[in-house]
Amino acid sequence: MSRYQGKALQPARRAPKHGSPFRRPLRVLVAMLVLGALAMVPWGELAERALVLGRIHVTGARYLDVAKVRARSGLREGQALFGLDLARARQMVLLEPRIQSARVRRVGLRSVEIHVEERVPALVVEHGEPWEIDANGVLLEPLQAGVVADVPMLAGPDFSAYRPGSQIQTPEVRRGLAWTAILSDNGLRLTGQVSEVDVSDSRLTRLVLLNGVRVIGPVWPNGARQLSGLRATLADLAAKGMTPREVDVRFKDQIVVRGAKPDSPTATSTTSRES
């Protein structure tokens, strides 16, 4: 009969380990040294260097000085990043009359981008001296005294009482803008030939071309078709060496030319031979 009692199946008992008595005090000492080292790090100085605005980038400016746009925003390099008020900066930028729209946003970790869209002058107006207005009637002070955009002059009204940035919606301004809008049509190509839009007469509108020719039109533009006929008439007269004194486009499907004269003696002799 077997006398095996199953003791081989029981795991052998290991002798208990006794760690070094210096292990726990050593850990405490290392932790204290680390905490002491961290306490000596100049965290405030590091935060001032790392968590501040490093760059302000202005895009979209064509004629405005980017340094002035940055100054207008109220942002400055070195400001704490956590204290930046980008919405307020955008509103400050929009206080510049020549800026139509603006966007201010964070770029990367330490940079801010200010993107602006400038107003485009549509007419020159009288303000004691020539000023400008855009297509929405916003009055713009010249960027430099005596220097204005190469756009037609709105003759008649005076806007000396208005401040820069004012939106002017008088009938005269709306008439002038309506005329410049239709003259700038790509199919007409007339806007570059007009030096003045005269709205002083409430019964009609006068255009003065760069060559001195006066065009009499209705109060409001009567459509691109009529003005297309004006362009064709002027081109035909120029091909014949003739310059009219006045062209009337107020009548439907009819253009009246008055006072057409030869440009030079050479043109006169050529016209005589052709007749």
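The values are calculated or read from the model by the stated rules, or taken from the named source; none is laboratory data. All values derive from a computational prediction rather than experimental measurement. Don't worry about glycine lacking a Cβ; one is built from the backbone with ideal geometry, like all the others, and counts go over all protein chains shown.
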Does L64 fit the bill of being of a type in the set (A, V, I, L, M, F, W, C), surrounded by 13 or more Cβ atoms within 10 Å (Cβ to Cβ) and either modelled with pLDDT under 95 or assigned to a strand (DSSP E or B) (or both)?
-> yes
Out of (1) among the hydrophobic types (A, V, I, L, M, F, W, C); (2) at pLDDT below 95; (3) surrounded by 20 or more Cβ atoms within 10 Å (Cβ to Cβ); (4) not assigned by TED's automatic domain parsing to the domain that holds Y63, what's the single condition that is false for V197?
-> (2)
With the first residue restricted to the stretch 216-240 and required to be under 16 Å from R250 (Cα atoms), and the second required to be polar (S, T, N, Q) and loosely packed, with under 15 Cβ neighbours inside 10 Å, Cβ contacts under 8 Å at 6 or more apart or on different chains are V219/S202
Test each condition in (1) in contact with a helix residue (DSSP H, G or I) (Cβ under 8 Å, 6 or more places away or on another chain); (2) at negative phi for I216 and report the one that comes out false.
-> (1)
Keeping to the stretch 90-121, report how many residues are crowded, with 16+ Cβ neighbours inside 10 Å, assigned to a strand (DSSP E or B) and more than 14 Å from the chain's Cα centre (by Cα).
-> 2
Considering the stretch 170-205 alone, what residues qualify as being in a helix (DSSP H, G or I), closer than 21 Å to H127 by Cα and of a type in the set (S, T, Y)?
-> T180
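Take the residues in the stretch 150-167 that are within 20 Å of the chain's Cα centre (by Cα) and surrounded by fewer than 17 Cβ atoms within 10 Å (Cβ to Cβ); name whichever of them is modelled with the lowest pLDDT. Full working, then the answer.
Residues of the stretch 150-167 within 20 Å of the chain's Cα centre (by Cα): 150-151, 164-167.
Applying the additional criterion that residues be surrounded by fewer than 17 Cβ atoms within 10 Å (Cβ to Cβ) yields 150, 164-167.
Numbers: D150: 91, P164: 94, G165: 94, S166: 95, Q167: 95.
The extreme case among them is D150.
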Given the conditions (1) touching a helix residue (DSSP H, G or I) at 6+ places or on another chain (Cβ under 9 Å); (2) among the aliphatic types (A, V, I, L, M); (3) not in a loop (DSSP other than H, G, I, E, B), and given that V124 satisfies all but one, which numbered condition is not satisfied?
-> (1)
Would you pick out the residues in the stretch 168-213 that are more than 29 Å from D263 (Cβ to Cβ) and either in contact with a helix residue (DSSP H, G or I) (Cβ under 7 Å, 6 or more places away or on another chain) or among the hydrophobic types (A, V, I, L, M, F, W, C) (or both)?
-> I168, V173, L177, A178, A181, V199
